[in-house]
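Structure record follows, encoded as structure tokens.
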């Protein structure tokens, strides 16, 4: 056998040994179990909540020394967040986890008759939306408490009775497959006397317990700007996800899709669709919608999106893409006082 053939044989054996070694090495690298996968996400989410609550500024993107300092600042800067615009005029059925109602669908569920008491309450709230409360008008701050009234007016609007195709009389949530959690407030969602006030006071879960999707409304006194998520909005979303992940009936789910209707200063609202994929918090955020009583267009848009149905074909049990070594790790499950 010539030297050239011997060299070729030697190279072939060498390559075979290297390939075998790589194969063995790959086989020894075990993928995390679904439970480990989920727990890694929960650790990240529960770490981010107190970091956000310790943040002094209203905007998540603010990492200035005055907003967050020391170790918290270094950990906070690892927070991976992607924000994409949400086109509220998109065709129904094109979102990943939620399908908003079409105008035709909502028209087929007309509002039913309401009592004089409810009618008077709605008119009172409309007056406050336009002019502020009489008390605060006297104090020279007519718009104080304005955002809370906007959110309250929206909640009263979506629970007004509607007439179904079989002449049944029920709330909109009944027709779209959702159950209201009256007075719901996610973990660490509370107003603070030293920061812009904010709160999430109501949530909705899917009637079909196979789906972990969650919808909520919130308000914050902070004035919002386009495509800049507020600290209160992100903290609310993460608080919801943390609680849902701990629910025994949702153990199999690695993703918790959240639809948030957020009422922000001075008198606006926007829709946020969010999920955590194990690597980053992904948010689709609509433009700011001014809310007035003389034009119901924006309120109607909010109602159609709030009434969104679950996309039953999108999986919420898929393996997550983790980069946990680059993310903050939880050292405590407690929120700061």
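The values are calculated or read from the model by the stated rules, or taken from the named source; none is laboratory data. Treat the numbers as computed from the prediction; the structure is a model and nothing was measured. With ideal geometry, Cβ positions are generated from the backbone for all residues, glycine too; neighbour counts draw on all protein chains shown.
Against the condition over 13 Å from the mean Cα position of the chain (by Cα) and at pLDDT 95 or above, how does residue 309 come out, does it pass? Walk me through it before giving the result.
Values: over 13 Å from the mean Cα position of the chain (by Cα): yes; at pLDDT 95 or above: no.
When the stated conditions are applied, residue 309 does not pass them.
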Out of (1) surrounded by 13 or more Cβ atoms within 10 Å (Cβ to Cβ); (2) assigned to a loop (DSSP other than H, G, I, E, B); (3) in contact with a helix residue (DSSP H, G or I) (Cβ under 9 Å, 6 or more places away or on another chain); (4) modelled with pLDDT under 90, the one residue 201 does not meet is (2)
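Take the residues of the stretch 71-85 that are assigned to a loop (DSSP other than H, G, I, E, B) and surrounded by fewer than 18 Cβ atoms within 10 Å (Cβ to Cβ): which is modelled with the highest pLDDT?
Per the stated criteria, the residue is 80.
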Among the residues of the stretch 156-175, which ones are loosely packed, with under 15 Cβ neighbours inside 10 Å, outside any loop (DSSP other than H, G, I, E, B) and touching a residue at least 24 places away in the same chain (Cβ under 8 Å)?
156, 169
Given the criteria surrounded by 14 or more Cβ atoms within 10 Å (Cβ to Cβ), more than 27 Å from the chain's Cα centre (by Cα), modelled with pLDDT of 60 or more and in a helix (DSSP H, G or I), does residue 118 qualify?
yes
Scanning for something in contact (Cβ under 8 Å) with a residue 24 or more places away in the chain, under 11 Å from the mean Cα position of the chain (by Cα) and not in a helix (DSSP H, G or I), does the stretch 237-249 turn up at least one residue?
no
